[in-house]
Structures are given as structure tokens and as C-alpha cells.
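Notes to accompany the following structure.
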């Protein structure tokens, strides 16, 4: 390999300062942009949300690397992104108010089994999308859910309804009746066998 190839591989085409500043600006833009776009983008509730997240990386790629295709330039950009993300998460961890401002608060979508249509509208989540999210977590329908919360990171958490005291008592009675029925059936079978058994 001649000197030019080595130079192309490891010599950035832009200044080191520019390689550091570009990822910082793009990172901050994405933090603000995704916050404005809402939590549903992170939840990826439909194909459009997934496409947006996938194409975002390709869209901002040139903004991060500029005209530089060198290995060194890519490493500098990647290290800058990792450092910025580490600092950002540390700042959010130690400043609760800033974390709430940056990431938002959890949003209750279903409370005590009642669907909050105003919150669904605010987060631009349709009932079919919410139902699909519930199916992914093992629920057959929204009727089984006591509480659903859209978390700041885009995850939707579901809490199942607990059976009422009456329903619980009913299930216990049914269980005992079934047990008694089995015992009676077994007793009847043994008595019938005793009556039909020939005497010696």
C-alpha cells in the first residue's frame, strides 16, 4: 500500500474541531426534535414511526461526517457522540427537573379501566395502535387492562385488572363445587363396583 492510501484512510478531510462540533450539534438537534415529535415516535407504533427513525440516521449522516470518509474522522465522530451521550445522561440523572423537561412525564392512557381519549389524542395514538401494543404484551383486549401508561422513553406499560372480590368468591365456589363433583363421582364408582362385584 502506498502513502496516498494510508493518507486517505487516516487523514481527515476536515479539521478536528469541525469533526467534534458536527456530532454535538446533530445530537442536540435530535434530542430536541424527538422531544417535540412526541413519545409515540420512540414507541414505534406503526410503520411510519419506524421509517422515520431508520431514515433519521441516514439523513443526518452527512451532517455528522461532512465530506470526510477517513477512518480517523469516523472514529472521532463516534467517540464524540459517545462522550456527549454519556455527559447528557449523567446530567439528566442528577437533575430531575431537567430530565422531566427533556424527556417529559409519563402519560396515563387508561386509568381504572377507563380509556382516556383526550390523552390518546394528545399523543396521537389510535385505539387500534393501543390494542396492538396490548396484544404484544399478552392481552386479548383493552377490557382486561386497568392501567396503561406511555412512558417517557416510548414504552407503553400495561397493568391487568384484578378480579373483584365477588368474582374471586365465585371462582372459589366453582372450584369447590368441581372438587365435590369429582369426589362424588369417585364415590359412586366405588359403590357401584362394590355392588356389582360377585360374592365368593
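Laboratory data are not the source of any read-out in this text; all were calculated from the coordinates shown. Because the structure is predicted, anything quoted here is derived from the model rather than measured. Glycine gets a Cβ as well: all are built from the backbone with ideal geometry, and neighbour counts include every protein chain shown.
Ranked by how many other Cβ atoms sit within 10 Å of their own Cβ, fewest first, the residues 158, 93 fall in the order 93, 158. In plain terms, the residue of 97, 35 with the fewest other Cβ atoms within 10 Å comes first and the most crowded comes last, giving 97, 35. Helix 16-37 and the long axis of the chain differ in direction by around 40°, with both axes built from C-alpha atoms. Shown is the FRET efficiency for residue 151 and residue 177, computed with R0 = 41 Å from the Cβ-Cβ distance and rounded to the nearest 0.05: 0.40.
Across segment 72-139, the convex hull enclosing all Cα atoms gives 168 Å³ per residue. For the chain, the longest principal axis of the C-alpha atoms and the axis of helix 165-196 are separated by about 50°. The peptide list 72-81, 174-183, put in order of mean Cβ contacts within 10 Å with the highest first, becomes 72-81, 174-183.
Placing pseudo-labels 7 Å out from each Cα toward the beta carbon at residue 25 and residue 135 gives an inter-label distance of 4.5 nm. To the nearest Å, what is the center-to-center distance of segment 79-105 and segment 121-151, using C-alpha atoms only? Cα centres, segment 79-105 to segment 121-151: 28 Å.
The protection proxy used here, the mean number of other Cβ atoms lying within 10 Å of each residue, ranks peptides 52-65, 141-154 as follows, highest first: 141-154, 52-65. Matching the structure-derived log10 I(q)/I(0) by the Debye sum over Cα atoms at q = 0.09, 0.12, 0.13, 0.19 Å⁻¹ against the labelled list [x] -0.54, -0.73, -0.79, -1.22; [y] -0.60, -0.82, -0.89, -1.26; [z] -0.31, -0.56, -0.66, -1.39 gives the label [y]. For the chain, the longest principal axis of the Cα atoms and the long axis of helix 71-94 meet at an angle of about 50 degrees.
Listed by Cβ neighbour count within 10 Å, with the fewest neighbours leading, 120, 30, 109, 184 appear as 184, 30, 120, 109.
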